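The values are calculated or read from the model by the stated rules, or taken from the named source; none is laboratory data. Given the structure is predicted, the values throughout are model-derived calculations rather than measurements. In this analysis, Cβ positions are derived from the backbone assuming ideal geometry, glycine residues included, and neighbour counts consider all displayed protein chains.
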Amino acid sequence: MKLLVVAVVALFVFATSASAEDKKKPGPIQLKIVAKSDKYKFDGGGKTADEYKKALEETAAKLAKGERATPPKPLAVDLVLQITNTTAEEVTIYVGGDPNVYTFELTGGAGTVNVNNPVAFTADFRLPKAVTLAAGKSHEIPVKAFADGARGFSRLVFWTGPGEYKLAATYSLSNKDGGKSDVLKSEPVKITVEK
């Protein structure tokens with residue numbers, strides 16, 4: 001009986017470590033955030049960091065309830081989402097359009113607030129475009145406003161004061177018909193917000 005229990009535990013440990021290894025393996029297409037600028041000045045619009053954070057949280061809560069509120073303009077950033085073919089062969093990916101959505105995860109520092117952006121989009125459905133990447137080559141998506149979600153602008157991301165932040169991204173690739181394909185996740189990069 002003891003031998004059976006030991007065997008089951010060993011099998012569980014092996015399966016768990018194998019699945020953990022599988023999760024760590026990078027896929028053939030990788031996402032990376034390139035921070036062309038990784039240092040920014042905090043601007044609370046005349047508010048202290050605490051006041052600024054409170055105002056953002058109040059705006060976010062109103063918009064989440066469907067109430068009227070006007071969020072501050074998006075933070076200006078200088079980032080690039082880089083999608084790279086790590087294989088030895090040519091690969092075609094489908095980017096852009098409505099099916100492809102990237103989202104940011106900002107953590108640390110003085111805290112973060114995400115705010116729904118109440119903008120109207122045109123009703124047309126934008127299909128993705130095919131991009132063929134040679135071995136080792138990348139497709140780059142510049143990000144100048146700290147926003148993400150539908151069409152890269154349905155949600156605004158804010159840091160709430162000076163500090164050291166970590167920024168990661170997720171990009172949902174589509175197939176040629178606009179259906180779901182791979183979900184790419186980046187390693188975090190460091191962003192410094194100065195007083």
Legend entry - Filter result (out of contact with any Lys or Arg (no Cβ under 7 Å at 6 or more places or on another chain), under 26 Å from Thr170 (Cβ atoms) and not hydrophobic (A, V, I, L, M, F, W, C)) within the range 67-100: Pro71, Pro72, Lys73, Pro74, Thr86, Thr87, Glu89, Glu90, Thr92, Pro99, Asn100
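Please count how many residues of the range 111-160 are in contact with a strand residue (DSSP E or B) (Cβ under 9 Å, 6 or more places away or on another chain) and outside any strand (DSSP E or B). Walk me through how you get there before you give the answer.
We begin by selecting, within the range 111-160, every residue in contact with a strand residue (DSSP E or B) (Cβ under 9 Å, 6 or more places away or on another chain); these are 111-117, 127-160.
When the remaining residues are screened for being outside any strand (DSSP E or B), the result is 111, 117, 127-128, 134-137, 146, 150-154, 160.
Matching residues across the range 111-160 total 15.
Take Asp98 and decide whether it is loosely packed, with under 15 Cβ neighbours inside 10 Å, of a type in the set (D, E, K, R) and in contact (Cβ under 8 Å) with a residue 40 or more places away in the chain. Walk me through how you get there before you give the answer.
Values: loosely packed, with under 15 Cβ neighbours inside 10 Å: no; of a type in the set (D, E, K, R): yes; in contact (Cβ under 8 Å) with a residue 40 or more places away in the chain: yes.
So Asp98 fails the test.
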Legend entry - The one condition in (1) surrounded by fewer than 16 Cβ atoms within 10 Å (Cβ to Cβ); (2) among the charged types (D, E, K, R); (3) closer than 23 Å to Glu58 by Cα that Asp148 fails to fulfil: (1)
Inset, instruction - Please determine, by comparing only the residues of the range 30-59 that are free of Cβ contacts under 8 Å to residues at least 24 places away in the same chain and small (Gly, Ala, Ser), which one is surrounded by the most Cβ atoms within 10 Å (Cβ to Cβ). - result: Ala55
Inset, instruction - Given the conditions (1) more than 20 Å from Phe146 (Cα to Cα); (2) surrounded by 12 or more Cβ atoms within 10 Å (Cβ to Cβ); (3) over 17 Å from the mean Cα position of the chain (by Cα), report the number of the one that Lys65 does not fulfil. - result: (2)
Legend entry - Tally of residues being part of a loop (DSSP other than H, G, I, E, B) and hydrophobic (A, V, I, L, M, F, W, C) across the range 83-98: 1
Legend entry - Positions within the range 162-184 being crowded, with 20+ Cβ neighbours inside 10 Å and either under 27 Å from Gly109 (Cα atoms) or at pLDDT 95 or above (or both), in sequence order: Tyr165, Leu167, Ala169, Tyr171, Leu184
Inset, instruction - Filter the range 68-120 down to residues that are at pLDDT 95 or above and acidic (Asp, Glu) and give me whichever is farthest from Pro28 (Cα to Cα). - result: Asp78
Inset, instruction - Test Gly27 against the stated conditions and say whether it is surrounded by fewer than 14 Cβ atoms within 10 Å (Cβ to Cβ), modelled with pLDDT under 95 and over 23 Å from the mean Cα position of the chain (by Cα). - result: no
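If I go through the range 148-186 residue by residue, how many of them are of a type in the set (Ser, Thr, Tyr) and either closer than 18 Å to Val80 by Cβ or within 12 Å of the chain's Cα centre (by Cα) (or both)? So that I can check it myself, show each step before the final result.
Initial filter on the range 148-186 (of a type in the set (Ser, Thr, Tyr)): 154, 160, 165, 170-172, 174, 181, 186.
Next, from what is left, pick out any that are either closer than 18 Å to Val80 by Cβ or within 12 Å of the chain's Cα centre (by Cα) (or both): 165, 170-172, 186.
Going through the range 148-186 one residue at a time, the tally reaches 5.
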Legend entry - Failed criterion for Glu187 (all others in (1) touching a helix residue (DSSP H, G or I) at 6+ places or on another chain (Cβ under 8 Å); (2) in a loop (DSSP other than H, G, I, E, B) hold): (1)
